[in-house]
Amino acid sequence: MADYRILLADDDRGLLEMLLSIFRRAGYHDLLTASSGLEALRLWREEQPDLVVLDVMMPGMDGFSVLREIRRASRVPVLMLTARGEAEDRIEGLENGADDYLPKPFLPKELLLRAGAILSRAYPERKEQVALAGSTVDMANAEVWKNGERISLTAKELQLFEKLYENAGRIVTTGALCETICGEFWQGYETTLSTHIRHLREKIEENPSRPVSLVTVKGIGYRLNLKEAAS
């Protein structure tokens, strides 16, 4: 099972602990929790989760408001939880871009099935050969093919590329990339990341000084554009 990063947001501490337990027992380990809408929005921005499980009824900023803010900038999958299960809630969530909804109370198996289905749709099985505008990356062999030449990737470069590919078309924050290559105590390694990014661009870009596949999002991080998106 891919180690997806999942954000769980609910103001009910007991239910939040139950959600954590359900996902952990199913083999998910990269889990984030939020007990309010504002905290959920902050964590989404900072941590770039692969899936958001979002309660509708939260104090201050409800789940629908959080969903609308997320959809202004991202297509990250969102599973809404609703205590009432009313048709109006379901329709509002789907109209605002929710991928699915689940009324409370729910069975753990149903939650996992719905979450798994959303993840499978959003993140199809990874291809070994990734086509970019100026090269093809062979992740299985840690190689880049460019202009008929084979170029080897270092372990760190491959780690970075895999993280970017998992989030292709979406921004990956500088912090998330630093953590990928340096671990959780990554503060202060931004210059190291910049060096690895420069070397990776030299290998995958047709013109590294004018990148079209691995682009900088100023003040936030980086985004990987696949061939169809970069052309």
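Test LEU112 against the stated conditions and say whether it is touching a residue at least 12 places away in the same chain (Cβ under 8 Å), assigned to a helix (DSSP H, G or I), of a type in the set (A, V, I, L, M, F, W, C) and in contact with a strand residue (DSSP E or B) (Cβ under 9 Å, 6 or more places away or on another chain). Steps first, answer last, please.
Values: touching a residue at least 12 places away in the same chain (Cβ under 8 Å): yes; assigned to a helix (DSSP H, G or I): yes; of a type in the set (A, V, I, L, M, F, W, C): yes; in contact with a strand residue (DSSP E or B) (Cβ under 9 Å, 6 or more places away or on another chain): no.
Answer is no for this residue.
Do the conditions hold for ASP3, that is, is it among the charged types (D, E, K, R), at pLDDT 90 or above and touching a strand residue (DSSP E or B) at 6+ places or on another chain (Cβ under 6 Å)? No, not satisfied. Being of a type outside the set (S, T, N, Q) and in contact with a Gly (Cβ under 7 Å, 6 or more places away or on another chain) is a description that applies to GLU206. Right, THR216: at pLDDT 90 or above and farther than 27 Å from ARG75 by Cα or not? For THR216, the condition - at pLDDT 90 or above and farther than 27 Å from ARG75 by Cα - is not met. Residues in region 6-58 that are surrounded by 16 or more Cβ atoms within 10 Å (Cβ to Cβ) and at positive phi: GLN48 alone.
One residue alone among TYR165, TYR189 is in contact (Cβ under 8 Å) with a residue 24 or more places away in the chain and aromatic (Phe, Trp, Tyr), and that residue is TYR165. For the residues GLY60, GLY27, the requirement of being over 14 Å from the mean Cα position of the chain (by Cα), assigned to a loop (DSSP other than H, G, I, E, B), at pLDDT below 90 and over 22 Å from LEU113 (Cα atoms) singles out GLY60.
With respect to LEU107, is the statement that it is of a type outside the set (Asp, Glu) and either modelled with pLDDT under 90 or under 23 Å from the mean Cα position of the chain (by Cα) (or both) true?
Numbers: of a type outside the set (Asp, Glu): yes; either modelled with pLDDT under 90 or under 23 Å from the mean Cα position of the chain (by Cα) (or both): no.
It is false that LEU107 is of a type outside the set (Asp, Glu) and either modelled with pLDDT under 90 or under 23 Å from the mean Cα position of the chain (by Cα) (or both).
Just give me the residues in region 30-57 being of a type in the set (Asp, Glu) and either in a helix (DSSP H, G or I) or over 16 Å from the mean Cα position of the chain (by Cα) (or both), in sequence order. Listed by number, the residues that qualify are GLU39, GLU46, GLU47, ASP55.
The values are calculated or read from the model by the stated rules, or taken from the named source; none is laboratory data. All values derive from a computational prediction rather than experimental measurement. Quick reminder, even Gly has a Cβ in these numbers, built from the backbone with ideal geometry, and neighbours come from all protein chains shown.
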